[in-house]
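Beneath this line is the structure, given in structure tokens, with notes to follow.
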Amino acid sequence: MLKLDKVSKTYKTGDKALHNACFEVPSGQVVGLIGPSGAGKSTLIRCINRLVEPSSGSITLGDTELTGLSRRELRRARRRIGMIFQEYALVERLTVMENVLSGRLGYMPAWRSYFRKFTGDDIALAFSLLDNVGLADHHNKRADALSGGQRQRVGIARALEQNPELLLVDEPTASLDPKTSRQIMRLIRSACQERNLPAIINIHDVLLAQQFSDRIIGLRAGEIVFDGPPDALTDDVLTTIYGDEDWTQLRGENGSGDQGEDASGVDLMESA
Amino acid sequence: MNHPSLNPQWQYRTPKQSLLRWFGWFWLVAFTVVCWQIMNENTIWAFVSDAPQQAADIGGRMFPPAWGYINNLWQPLWDTLNIATLGTLLGVLFAIPVAFMAATNTTPSVRFVRPLALLIIVSSRSINSLIWALLLVAIIGPGLLAGIVAIGLRSIGFVAKLLYEAIEEIDEKQVEAIRATGASGAQVIDYAVVPQILPAFWGISVFRWDINIRESTILGLVGAGGLGIQLNASLSTLAWNQVAMIFIVILGTVVISEWVSAKVRQAVL
Amino acid sequence: MPGKSTAHTYPRHWKRPPLLLTHPFWRKVILLGGLVYLILAIQTIEVDWQRVYLGLERGWRFVQGFLVPDFTSRWNDIYAGLLESLTMTVTSTVAGILVSVPIGIGAARNLAPAPVYLACRGIITVSRSFQEVIIAILLVAMFGFGPFAGFLTLAFATIGFLSKLLAEEIEDCDRSQIEAVRATGASWWQVVNYAVQPQVMPRLVGLSLYRFDINFRESAVIGIVGAGGIGATLNTAIDRYEYDSAGAVLIIIIAIVLVVEYSSSYIRRWVQ
């Protein structure tokens, strides 16, 4: 379980990116985090694994208070938190297998990782995860030889290789086409369900967020302005989060410039 | 800037700009002329006008080159190669930590360690390998070792500068992703930084090796081993046909090393 | 569907495939060859350890001289050498640029006819193949001792450096811009002036400033073979074991290089 209590972040430039964020995420819950660009979505999830240092407040994962940890303890905490990135953030010049195995780095000393001496369990897990995400035969390819969707699958495998207790997902579909976006979201969702894994997914696409999450949190200018089930996301709420816009059109035309309307219809039924 | 007037007239530059421009050029020319005057205060123009005859004379003595002299050159050539290669290895070995200390994104301390690393880089870069050799020959005596260390000292700055620029240009997202897995500092460098700079590293090293071959041909002039020793001896006895032979060997070596370096760089990039 | 349902066992071993030299036989041959070369090369170093031991004391004196440099006792020599070096650098860089521009244009494949191209490339190759010091030796023999020979040396070396990089820059020019100007019916001169010049000018300024820096550093070297400049002063100081004066000269060189580098980055920003 993850608990955020009055988490705020003010950057050195004086930008208040996040203000008094409070919420709890129970096991197995997938939270969609929505809001306009610059609302602090990215800052929020980066505060949780302290890639961005929160200015105040406390964050607890299970029994661990993350905000007060020393550098060494932070490493131990980070390995319990898997992260999936916008534009994949794979190490382009390493093989797919090395990218997945890098999820184990927090569990081993540097000399072992330098010689790529991973344990048999790590390697077997990596192979099974690659099989799971549908990349069984690609393990010796270099990451930059893969397509966008394939790279994000490797990103997912890397995060799951950590055996995480929490998944942080930052704009996983930002540079993918609509069909691949759905596949990736479905993959993340089923991975969470199988493992009873809580996840926070920071996402631009409101429809995708509604389809694939159990709960939606809306951020505007660093403050949480909505927290509720996906169905409660009415046009009024969207206006509070994003400002005035004709939201009926978004729903009618399926906002993200989707070419395959039929396919998205199927998805809606599946998730319902 | 300028408000559109009723009768617009297109101009390449505003009058102020072009005035500034002409002023700049004028000073540049004037400055160059002054420098030329100062520089040539002690020039004996008789020698300069004499140069074509001198050139013809030297050229005449150079031909035909002393082909047989090449048998005295194999050993110095081998020494030259070794100075360049071992010197490059030595330089690269020290340049790697210096580069990591100098790059803003990997340095342990921006305030203390980085300035020190930058100082090492600029000192090494400012001082030519021949000057290093001059010093080292005076300190540890003539021979290959002085040459190798001289080449190494000069290479540190060159390699470290280009390498730290490469480190600063890496994709930080990949670093962030590895850090998020709970990797330690050493592991982040191993898994996220090194793979990104590896091609640049090989390219820079081979490029420096190519330059070092050229540099090591002359280190012998001050006693640091290699072809330069033969060159010095031939010059001091005015054996211009031997000098010509040495030039041919140097030219051949340089062309081959440039070819090798181009091939290797093609292969790694 | 991929999943956990199959009782598939995954391999527990994985070895990273080699990145370079993928052929196992050649890999071994090349690595072994490298090792043998290294052993042979290291054996050629003959070290007279006694001499080195004696030298350490001198080395220490040099370090002291560097830390406590003596600017005063040889100041007249240093001043004269410095003035020669600086004036040589200015004149040779300007002369070098003036000659490099036409040669650089001639050596660009997309602008010059074949015979001109070959001639210009020939000049560049000759200029680049020989170390400045070797050229200086020849020119000193022809023109006599002093900065005039040094000026010619540096100008000659500048030509090889600048023309080559300028030619490469021109060849990398955006072809569509050249075609667009050519399509207006522009003559060769107009193409160079309107399509090529704007594209390469910032780079030419940057390279010229960089070469100015190199020329100054080289001017400190060619003095050793009699081509004027501060190198002669340095050589004398080292020959006389006056390490404090030598240290002073080196510090001045480093300081000037720093100033030149700093101001050239400033000028570059100003020009662009």
- Item | Among the listed pairs A:16/A:179; A:3/A:179; A:9/B:173; B:161/B:263; A:141/B:173, those beyond 29 Å (Cα-Cα) | A:16/A:179; A:3/A:179
- Item | Antiparallel bridge percentage (DSSP; both residues within chain A; nearest 5) | 55
- Task: Taking the Cα centre of the protein assembly as shown as origin, sum charge times position over the Cβ atoms of Lys and Arg (+1) and Asp and Glu (-1), and report the length of that vector in debye to the nearest 20.
- Result: 1400
- Using only atoms on other chains, find how many Cβ atoms lie within 10 Å of each Cβ of peptide B:141-149 and report the average. 4
- Task: Would you give the gap between the C-alpha center of segment C:184-247 and the C-alpha center of segment A:170-209, rounded to a whole Å?
- Result: 57
- Per-bin percent of Cα-Cα distances, chain A [5 Å]: 1, 6, 13, 16, 18, 17, 13, 9, 5, 2, 0, 0
- Assign unit charges at the C-beta atoms only (+1 for Lys and Arg, -1 for Asp and Glu), then state the dipole size of chain A relative to its Cα centre in Debye, rounded to the nearest 20. 1760
- Cα centroid distance between segment B:143-216 and segment B:13-84, in Å? 34
- Item | Estimated dipole of chain C in Debye, rounded to 20 [Cβ of Lys and Arg +1, of Asp and Glu -1, Cα centre] | 1420
- Query: Which of the DSSP-defined H helices in chain C satisfy a minimum axial length of 15 Å, computed from C-alpha atoms, and a minimum mean Kyte-Doolittle hydropathy of 0.5?
  - Reply: C:24-43, C:75-106, C:114-129, C:132-143, C:147-171, C:243-271
- When Cβ neighbours within 10 Å are restricted to other protein chains, what is their mean count per residue of peptide B:233-240? 1
- Query: For segment C:61-120, what D do you get in µm² per second when you plug the Kirkwood radius from alpha-carbon pairs into Stokes-Einstein at 20 °C and 1.002 mPa s?
  - Reply: 141
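How big is the shadow of the Cα convex hull of chain B, averaged over all directions, in nm²? Display every interim value, and only then the final one.
On the way: hull surface 99.4 nm².
Averaged projected area of chain B's Cα convex hull equals 24.9 nm².
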- For chain C, the fraction of alpha-carbon pairs in successive 10 Å shells from zero, as %: 6, 19, 20, 20, 17, 10, 5, 2, 1
- Message: Using 10 Å bins from zero, what percent of all Cα-Cα pairs in the protein assembly as shown falls into each bin?
- Response: 2, 10, 17, 18, 16, 15, 12, 6, 2, 0
- Toward the positive end of the charge dipole of the protein assembly as shown, about the Cα centre and with charges on Cβ (Lys, Arg +1; Asp, Glu -1), which of A:130, C:167, A:115 goes farthest? A:115
- Under 5 Å between amide H atoms, partner at least 5 residues away or on a different chain: which partners does residue A:32 have, H built in plane at 1.01 Å? A:201, A:214, A:215, A:216, A:217
- Task: Over the whole of A:90-97, what's the average partner chain Cβ count within 10 Å per residue? Rounded to a whole number, please.
- Result: 6
- Quick one: which of C:205-211, A:112-118 comes out on top by average Cβ neighbours within 10 Å, and what's the full order, highest first? C:205-211, A:112-118
- Rg ratio (alpha-carbon, reference 2.2 N^0.38 Å) - segment A:94-163: 1.02
- Query: Among A:196-208, B:16-28, A:11-23, what's the highest-first ranking by average C-beta atoms within 10 angstrom per residue?
  - Reply: A:196-208, A:11-23, B:16-28
- Query: Along the charge dipole of chain C, which of C:98, C:199, C:254 sits closest to the positive end, that is, farthest toward it, with unit charges on the beta carbon of Lys, Arg, Asp and Glu (+1, +1, -1, -1)?
  - Reply: C:199
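Read the figures in this text as sums done on the coordinates, not as results from a lab. Quick caveat, the model's predicted, so the values are computed rather than measured. Every residue, glycine among them, receives a Cβ derived from its backbone with ideal geometry; neighbour counts consider all protein chains shown.
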